[in-house]
Amino acid sequence: DSTNKALDVTYAKQPEAQMFREATSFITRNGLTVVMPFPRFMFNSLELMGNYAGGASIPLTKKLMGQIPKGTALSAKDRQRISRNLVGFGAIGAAYLARSDPDAPADYKELAVGDGTVLDTTPQFPLRQMLYLGEATRRLKDGTFGDFWNGREFAETFLGTNIRVGVGNS
């Protein structure tokens, strides 16, 4: 259990989604890690962000569809999904408040840390992703999401360093 937990929290375990597991194995088996390094981290981070954004929907759907019999306790995985979803909603809410502050930096990737200095959250997983979701929420509310949306920026934010501009050229 401790080994699996260590692999999980360091994003080194095989992804849980079958599609992600197969993609990770394909990338690794065919030597494509030169082009796309750390596929496990990328796919595990996508799974984690999915849990943060909507993980509770899986056990809820299972319950509504009758796949969890009445009186049966939730599995450890379902409890983990629900708890991560609650944490994610709190983090996205905090990011929304940070991005809604009139003194917030213009770039969503930056976070004011005091005395006029800002922190670039790009390498701080999942801080950049949460700030993106907070900014997207603010823009949706303001009606300016169309000005904010950029598919490349979205991919860079959620798919990680494998997609970021310049990585292939370094």
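The values are calculated or read from the model by the stated rules, or taken from the named source; none is laboratory data. The shown structure was predicted, so the numbers you read here are calculated from the model rather than taken from an experiment. All Cβ positions, even for glycine, are placed from backbone atoms using ideal geometry, and neighbour counts span all protein chains on display. Only protein heavy atoms, including side chains, enter the accessible area calculation; ligands, DNA and RNA are left aside. Shrake-Rupley method; radii C 1.70, N 1.55, O 1.52, S 1.80 Å.
In the neighborhood of residue 142, defined by Cβ-to-Cβ distances under 12 Å, what is the net charge if each Lys or Arg adds +1 and each Asp or Glu adds -1?
With Lys, Arg at +1 and Asp, Glu at -1, the net is +2.
What FRET efficiency would be calculated for the residue pair residue 57, residue 115, taking the C-beta separation as r and a Förster radius of 35 Å, to the nearest 0.05?
Details: r = 42 Å, r/R0 = 1.19.
Working from the Cβ atoms, E equals 0.25.
Would you compute, from DSSP H runs of 4+ residues alone, the mean residue ellipticity of the chain at 222 nm, taking -39500 (n - 2.57) per run and dividing by the full residue count, rounded to the nearest 500?
Values: 8 runs with 98 residues, N = 170.
Computed ellipticity for the chain at 222 nm equals -18000 deg cm²/dmol.
Is the shape of segment 1-92 rounded, prolate or oblate, going by the alpha carbon gyration tensor and its root eigenvalues a ≥ b ≥ c, with a/c under 1.5 for rounded and a/b larger than b/c for prolate? Could you put the intermediate results ahead of the total?
Values: a/c = 2.20, a/b = 1.93, b/c = 1.14.
In terms of gyration-tensor shape, prolate.
Heavy-atom accessible area of residue 27 with all protein chains present, probe 1.4 Å, nearest 10 Å²?
It works out to around 20 Å².
I'd like the accessible area for residue 26, computed on protein heavy atoms only with a 1.4 Å probe and all protein chains in place. Round to 10 Å², please.
It works out to around 100 Å².
Please name whichever of 7, 34, 75 sits farthest to the positive end of the charge dipole of the chain, dipole taken about the Cα centre and charges placed at Cβ: Lys and Arg +1, Asp and Glu -1.
Farthest towards the positive end: 75.
Over the chain, what is the mean sequence separation of C-alpha contacts under 8 Å (at least six apart), divided by residue count, expressed as relative contact order in percent?
Working: 150 pairs, mean separation 29.1, N = 170.
Value for the chain: 17 percent.
Let me make sure I get this right: for segment 46-96, a, b and c are the square roots of the gyration tensor eigenvalues over alpha carbons, sorted descending. Under 1.5 in a/c it's rounded, otherwise prolate if a/b > b/c, else oblate. Which is it? Mind showing how you got there, number by number?
Working: a/c = 2.54, a/b = 2.51, b/c = 1.01.
Prolate is the answer for segment 46-96, as a/c is 1.5 or above and a/b outweighs b/c.
For the chain, give the percent of accessible area contributed by carbon and sulfur heavy atoms, probe 1.4 Å, rounded to a whole number.
Values: 6390 of 10400 Å².
Roughly 61 percent, rounded to a whole number.
Which order do you get for 138, 29, 79 if you rank them by accessible area with a 1.4 Å probe, largest at the top? Kindly include the intermediate steps, with their values, before the conclusion.
Details: 138 50, 29 165, 79 130 Å².
If we order 138, 29, 79 from most to least accessible, we get 29, 79, 138.
Counting heavy atoms of the protein chains only and a 1.4 Å probe, report the per residue accessible area for segment 1-130 as a whole number of Å². Display every interim value, and only then the final one.
Details: 8050 Å² over 130 residues.
Solvent-accessible surface per residue comes out at 62 Å².
Express in whole angstrom the spacing between the alpha-carbon centres of segment 121-160 and segment 1-26.
25
Mind counting lysine pairs for me in the chain? Cα separation below 23 Å, and the two need to be 8 or more apart along the chain or on different chains. Each step should come with its number before you reach the end.
Values: 5/13; 5/77; 13/77; 62/70; 62/77; 63/77; 109/141.
Going through the chain pair by pair, I get 7.
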